[in-house]
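Step one of this worksheet: look at the structure below.
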Amino acid sequence: MSWQSPIAPGISWYQETVAERPEYPALDGSRQTSVAIIGGGFTGLQAAYHLAKSGVSVTLIEGCRIGDGASGRNGGQLGTGQRSYPDEIEEELGFERSKALFDLAENAKKYLFDFADEHGIDMDYLPGQLNVSHKASYEREYRQSVEAIVTRYGYPHMSFMDGKETAERAGSKRFFCGTRDTGTGHIHPLKLLIGLAKAAKDAGAGIFEMTPAKSIRQTAGKTLIETPTGTISADRVLIATNAYIENLEPVTAAHVMPIHSFIGATVPLDRFPEVIPGSEALADSRFVVRYWRKTRDGRLLFGGREAYTADAPRDISSHIRRQIAEIYPQLRDIEITHAWGGCVGITMPRKPFAREVMPGVMSIGGYSGHGVMLSNYCGKLYADSITGKTGELDLLKDLKVPPFPGGAKFRSPLLFLALTWFALRDKF
Ligand SMILES: Cc1cc2nc3c(=O)[nH]c(=O)nc-3n(C[C@H](O)[C@H](O)[C@H](O)COP(=O)(O)OP(=O)(O)OC[C@H]3O[C@@H](n4cnc5c(N)ncnc54)[C@H](O)[C@@H]3O)c2cc1C
């Protein structure tokens, strides 16, 4: 029987296309550990893998099943660099820091490929990423960004696409121009996550599913994490809950806000070879970004609709189908076999959040829709910071990420108003 994530709607196509989804036991009694990790997505599991591999005792608890959070249900697009174009980051932080952040993301990309290779994980990788503009007025910005990335950031894989090339590669005349990135691509994220969990377990990490952290408190130099089936006493803690933090820890909750995003998978598009003939991943220029890609078996995976309230829409498919038809009118009646959602963790400036929120308690998340490659690497960097291998995580710790305004009570309604306003602007 298909497993329904308790924290996200719908059964994903990913879940139905993995050969096995191993189960891990729930925590059974109290225990002591050097490092406790809360959250079994890419961030938490990568940290657990590297700590265990270095001989550090590590216990990871996941409130649901591994794969129920964003890491097992996302769009699978790796991207390049940070969420914003480097020239935008440069305006705020200067060239040196912007370049260092770009390089960190390139390291993250390389790391991910190496990790998958080393562990024999076939993550259905397909190369190519197109960013396409839904407004003619963005052409100058697109050209400038490509110029900056190629010449000053030393990344030769990016090129500008005029309207004709964009239409041919997207298979749609809906866009005015775009960028083409041949140095990145897209993956089946749940395959990666399952392989990662196995690698962490094999390296010696204690991994427990269906074990939610209920509270975190500190006493006598230890951090105590209460769960329904035992207390974990740890020297250090990593909070890796990303968008699903709720009220577990107030500093993270004030900085990382959940936004619901929804994806639909169609039947294979054998009758429509003109749709993304190169099987790349695409994302458009809307504030409420639409992102889509072709899978290895020729399906369209289309993500777009966002919701800023806790309620999931009753019918995800018809909304997604409408968005697909705006771009590909010939697919207006296409069958959507799977539709699902999940929570993206965003921060105010759309930069990752990495901060010590209590002594010895680090919180990392808020990748703002750009976490597939970054979260994997950040988990590794957290482990490296404990074992003294690199200080690369400091680059992210130094970023200015203010809390959302409005405090615990008002930040959701304020965010709802602000995002609805920006979403409206997409239409004009
Ligand atoms: C629909 C969707 C599409 C996306 N598309 C893309 C994309 O194409 N490209 C991209 O780069 N990024 C994308 N993202 C974002 C990306 O998936 C995330 O940035 C990344 O997976 C974050 O990983 P994580 O480990 O930090 O968090 P998660 O994978 O969300 O893991 C957090 C885990 O913590 C657990 N947890 C929460 N509270 C507790 C608790 N109290 N006790 C124990 N466990 C707890 C949760 O159950 C969850 O499993 C998308 C996200 C979504 C939802």
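Can you tell me how much longer the chain between residue 4 and residue 220 gets when fully stretched, taken as 0.36 nm per residue apart minus their C-alpha distance, in nm with one decimal?
Fully extending the segment from residue 4 to residue 220 adds 73.7 nm.
Per the Debye formula with a single identical scatterer at each Cα and no solvent contribution, what log10 I(q)/I(0) holds for the chain at q = 0.09, 0.13 Å⁻¹?
Each listed q maps to, in turn, -0.53, -1.16.
Connecting C-alpha atoms closer than 10 Å in a GNM of the chain, tell me which of 347, 80, 151 has the biggest fluctuation.
Highest fluctuation among the options: 151.
So which residue, out of 225, 121, 324, gets the largest mean-square fluctuation from a GNM of the chain using Cα contacts under 10 Å as springs?
Most flexible of the set in this elastic network: 121.
Can you tell me the length gained on complete extension of the stretch residue 23 to residue 296, counting 0.36 nm per residue apart and subtracting the Cα distance?
Extra length from residue 23 to residue 296 when fully extended: 95.6 nm.
What are the lysines whose alpha-carbon lies under 24 Å from the alpha-carbon of residue 198, with same-chain residues fewer than 8 places away excluded?
Hits, sequence-local ones excluded: 53, 109, 110, 380, 389.
Can you give me the three principal axis dimensions of the range 278-396 from its C-alpha atoms, in Å, biggest first?
Ordered largest first, the range 278-396 gives principal extents of 55, 35, 25 Å.
Considering Cα pairs under 8 angstrom that are at least six residues apart, work out the relative contact order of the chain and quote it in whole percent.
23
Hey, any idea what % of the chain's accessible area is carbon plus sulfur with a 1.4 Å probe?
Accessible surface attributable to carbon and sulfur in the chain totals 53 percent.
Can you compute the FRET efficiency between residue 162 and residue 387 using 1/(1 + (r/R0)^6), with r the Cβ-Cβ distance and R0 = 35 Å? Round to the nearest 0.05.
With R0 = 35 Å, the Cβ-Cβ based efficiency is 0.10.
Based solely on C-alpha atoms, express the radius of gyration and the Dmax of the range 1-106 in angstrom.
Reported Rg and Dmax, both Å: 18.1, 53.
Let me have the 222 nm mean residue ellipticity of the chain computed from DSSP H runs of 4+ only, each contributing -39500 (n - 2.57), with the sum over all residues rounded to the nearest 500.
-10000 deg cm²/dmol, from helical runs alone.
Quick one: accessible area per residue over the chain, 1.4 Å probe, rounded to a whole number of Å²?
Ligands and nucleic acids excluded, the figure is 42 Å² per residue.
FRET efficiency for residue 271 and residue 136, Cβ-Cβ distance as r, R0 = 25 Å, nearest 0.05?
0.20
Under 10 Å, Cα contacts only: if you run a Gaussian network model on the chain, which one of 254, 220, 19 comes out with the highest mean-square fluctuation?
So, out of 254, 220, 19, the one fluctuating most is 220.
Could you compute Rg(Cα) / (2.2 N^0.38 Å) for the range 154-298, with N its residue count?
So the Cα radius of gyration is 1.51 times the expected 2.2 N^0.38 Å.
For the range 97-105, in order, what is each residue's ³J(HN,Hα) by Karplus, 6.51 cos²θ - 1.76 cosθ + 1.60 with θ = phi - 60°, in whole Hz (x at glycine and Pro)?
6, 5, 5, 4, 6, 5, 5, 4, 5
The values are calculated or read from the model by the stated rules, or taken from the named source; none is laboratory data. Here the structure is a predicted model, which is why all the values come from computation and not from measurement. Every residue, glycine as well, gets a Cβ built from its backbone with ideal geometry; the counts of neighbours run over all protein chains shown. Accessible surface is based on the protein model in full, side chains and every heavy atom, while ligands, DNA and RNA are left aside. Shrake-Rupley method; radii C 1.70, N 1.55, O 1.52, S 1.80 Å.
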